[in-house]
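For reference, the structure discussed in these notes is given below.
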Amino acid sequence: MTKTIIELKKADLTLGSAAASVHVLKNIDVQIGRGEAVGIVGPSGSGKSTLLMVLAGLERLDSGEIIILNTPLHQLSEDGLADFRGRNIGIVFQSFHLIANMTAIENVAVPLELANAENPFEIARQELIAVGLGERLNHYPGQLSGGEQQRVAIARALAPSPSVLIADEPTGNLDTETGRQIADLLFSKQAERGMTMLLVTHDNALAARCSRQIRVRSGEIVAEGAAPGSVGEAIRA
């Protein structure tokens, strides 16, 4: 049986205040095993991206528990949470979030330097080579294509050797072919390193590549299913 490394218990979250408040997550329970690739799907405004941000330690719950790698994140201070995230969770966003005045290698080295890693630039160089950017080490984001920028972002996320990789619409800003290449890269690195990957996407084909899907609607989990084969049936349930 796969060991559970991520667990949400009765997770509840409201964003905004007074008349503008939105009950985004409603009493959610989730268990995710080591090495799983889990697609989180659902319509816009369903709460799937907020759920991902909670799982990334970027959004705090109003109530409930979040436990990752046997660490109760809901009990950590902001500094403790940032330290845990830096050591254990890699994050890839739709819009890359690269630092414009830093080269590719400098962008990848940033989380390593913050973690006081030895030889951060050598690790960054190796990670960029691993994602096919060995000839782009000293290029700035503005000199790179969208696909290349996302490869830098993936290298940055992977550089600290996280146990969990979080990806929020990682192909959303890319054309179809580039998006396919980025998806191939993510899944190959996830399998190669044995990471747990959580992926929010509107792309049904991308979600179908995950070992399991979680469908969210109106802040609640309405279906789960395992791939391949059974996932479509389970998600329609």
- Query: Calculated FRET efficiency, SER63 and ARG217, Cβ-Cβ r, R0 25 Å, to nearest 0.05?
  - Reply: 0.75
- Which FRET efficiency value, to the nearest 0.05, do you get for SER21 and GLN126 by plugging their Cβ-Cβ distance into 1/(1 + (r/R0)^6) with R0 = 45 Å? 0.45
- Message: Report the Cα centroid-to-centroid distance between region 97-140 and region 39-87 in angstrom, as an integer.
- Response: 26
- Figure the gain on full extension for THR176 and GLU113 (residue separation times 0.36 nm, minus the Cα-Cα span) and round it to one decimal in nm. 19.3 nm
- Query: Can you give the charge dipole size of the chain about its Cα centre, rounded to the nearest 20 debye, using +1 on the beta carbon of Lys and Arg and -1 on the beta carbon of Asp and Glu?
  - Reply: 500
- Note on the structure: The relative contact order of the chain, taking Cα pairs under 8 Å that sit 6 or more residues apart, comes to a percentage of 26
- Message: Looking at the chain only, what percent of DSSP beta bridges run antiparallel? Nearest 5 please.
- Response: 55
- On the protein heavy atoms, probe 1.4 angstrom, tell me the percent of accessible surface of region 97-177 carried by carbon and sulfur. 47
- Can you tell me the order of 97-105, 33-41 when each peptide is scored by its average per-residue count of other Cβ atoms within 10 angstrom, highest first? 33-41, 97-105
- Potential lengthening between ALA82 and ALA191 on full extension [0.36 nm per residue; Cα-Cα distance subtracted]: 36.6 nm
- What order do you get for 150-160, 57-67, 110-120 when each peptide is scored by the mean count of other beta carbon atoms within 10 Å, highest first? 150-160, 57-67, 110-120
- Message: Can you give the local net charge around PRO43? Use residues other than it whose beta-carbon is closer than 11 angstrom to its beta-carbon, Lys and Arg +1, Asp and Glu -1.
- Response: +3
- Taking a cut-off of 14 Å between Cα atoms, list the aspartates and glutamates near LYS9, but don't count ones fewer than 8 places away on the same chain. ASP29, ASP62, GLU65, GLU220
- Query: Rounded to the nearest whole Å², what accessible area per residue is found for the chain with the 1.4 Å probe?
  - Reply: 46
- Query: Along the charge dipole of the chain, Cβ charges K/R +1 and D/E -1, which of GLY142, PRO72, HIS202 sits furthest on the positive end?
  - Reply: HIS202
- Message: Checking a compactness column here: for region 48-123, what do you get for Rg(Cα) / (2.2 N^0.38 Å), N being the number of residues?
- Response: 1.25
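The values are calculated or read from the model by the stated rules, or taken from the named source; none is laboratory data. Keep in mind the model is a prediction, meaning the values are calculated, not measured. Cβ coordinates were reconstructed from backbone atoms using ideal geometry, including for glycine residues, and neighbour counts include every protein chain displayed. Just so you know, the surface numbers come from the protein's heavy atoms only, side chains and all, with ligands and any DNA or RNA stripped out. Shrake-Rupley method; radii C 1.70, N 1.55, O 1.52, S 1.80 Å.
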